[in-house]
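The values are calculated or read from the model by the stated rules, or taken from the named source; none is laboratory data. A quick note: this is a predicted structure, and the numbers were derived from the prediction, not measured. Here the Cβ positions follow ideal geometry from the backbone for every residue, glycine too, while neighbour counts run over all protein chains shown.
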Amino acid sequence: MSLNKQHEIHNRRFGRNLGLGLTLGAFMAIIFGLTMVKVSRGDYEPSRTPTATEVTQ
Amino acid sequence: MSDASINSPEFQGQAFESEAQFGDYFALLKPRVMTLVVFTAAVGLLAAPVAVHPFVAFCAILFIAVGGGASGALNMWWDADIDAVMKRTARRPIPAGKVTGDEALALGLALSGFSVVFLGLASNWFAAGLLAFTIFFYVVVYTMWLKRWTPQNIVIGGAAGAFPPMIGWAAATGGISVESVLMFCLTFMWTPPHFWALALFIRKDYDHAGVPMLTVTHGRRVTRNHILVYTLLLAALAVAMAFTTAGGPFYLAVAVVLNAMFVKGAWDIWRRDEEMCEADNFRVEKKFFKLSLLYLFAHFGAILVEAVMSRLGMGLGLGGWI
């Protein structure tokens, strides 16, 4: 059977898929932005232990 | 259903109105409640004495809102039977037949886990734990346990709605303080008069659903007494907030005016009987309910103004007394 006819259900599903796509896109952008902020302010820098000279000073 | 079956003669002309759209899933998250969650969480976060990176603050508020929405979806999943018989809730996605209960459960659980984990990653795990507790409290303690069991359901359930400013504060500071507890108490004490006023003028809904609202179990006179008592306690608490570091002269002015109006409204409700209500179609109760919406937004708005003024170095400060 050919699927040439645009049924209302296709419009409804397109809206749902578009909404989900935009949500996932926004989620990616948020995670990217959050990573950039955290990395740039040094949240993931390993804590540095003071050297022997620094301790004696 | 396949595309081929859609084109078959038996489906021609059907409207497929029961096919869920994106908006139906969004409606499961109770967007109107979410606006309150977003606003109060934002105020809690911005009023905190610790500066937060704007993007981290945005993410924290978003994840708190998603957590609130997730608990809304789980609430709709559990309460689908009573939602169907109440006029106010009959058009929600599950009773309307647009979304199945299983879908709501899956969405609620997935978003609960997602929001807690990402709030932890974005801010701190204390705030994430508080959000997880809030979801648990709203879904299990309020929705599953207390709502259908005790007429004090609104009082205890109101705690779930009161947590967002505390979570916002925790997202900024990593802990709790007098200010965040008072912000919690403000919403907690506000919830009973707000909902009991609503229950007074949409009484038949709760009767039909068999939800033990105070109006149904103890009568309308007792409900009016309760509204007055809670409003008086709320007024004392709301004014006390002015003397913390989150308050100030602007907040005090707003609190004094609004609490005077709110106490007057509660007093008017207390003085009325059923005949008077029937005569004017619950005019005073409806007015009090509308005022209660303004009341909460204005109080948190005033806390926000105080926080902004303080950041700009314009805060006069009555703060620190409490």
Exercise. Among the residues of the stretch B:283-300, is there at least one that is assigned by TED's automatic domain parsing to the domain that holds B:R220, outside any helix (DSSP H, G or I) and of a type outside the set (V, I, T)?
Worked result: no
For this session: With the condition kept exactly as written, say whether any residue in the stretch B:271-280 is at pLDDT 90 or above and closer than 24 Å to B:V33 by Cα.
Result: no
Exercise. Do any residues in the stretch B:283-305 that are surrounded by fewer than 21 Cβ atoms within 10 Å (Cβ to Cβ) have Cβ atoms under 7 Å from those of residues that are among the acidic types (D, E), where the two are at least six apart or on different chains, and which pairs are they?
Worked result: B:V284/B:D268
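Yes/no per residue for (1) more than 17 Å from B:V37 (Cα to Cα); (2) at pLDDT 95 or above; (3) part of a helix (DSSP H, G or I):
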| position | (1), (2), (3) |
| --- | --- |
| B:P93 | yes, no, no |
| B:G108 | no, yes, yes |
| B:V117 | yes, yes, yes |
| B:T134 | no, yes, yes |
| B:W145 | yes, no, yes |
| B:A160 | no, no, yes |
| B:G168 | no, yes, yes |
Exercise. Has the stretch B:211-226 got any residue that is of a type in the set (A, V, I, L, M, F, W, C) and over 30 Å from B:W149 (Cβ atoms)?
Worked result: no
Seminar exercise, completed: Matching residues in the stretch B:282-312 (under 16 Å from B:W190 (Cβ atoms) and among the hydroxyl-bearing types (S, T, Y)) number 2
Problem set entry | Enumeration of residues in the stretch A:9-30 that are at pLDDT 90 or above and either within 8 Å of another protein chain (Cβ to nearest Cβ) or touching a Cys at 6+ places or on another chain (Cβ under 8 Å) (or both) | A:L18, A:G19, A:L20, A:I30
For this session: Could you grab me the full set of residues in the stretch B:102-124 that are away from chain A (no Cβ under 14 Å) and either polar (S, T, N, Q) or surrounded by 15 or more Cβ atoms within 10 Å (Cβ to Cβ) (or both)?
Result: B:A104, B:L105, B:G108, B:L109, B:S112, B:V116
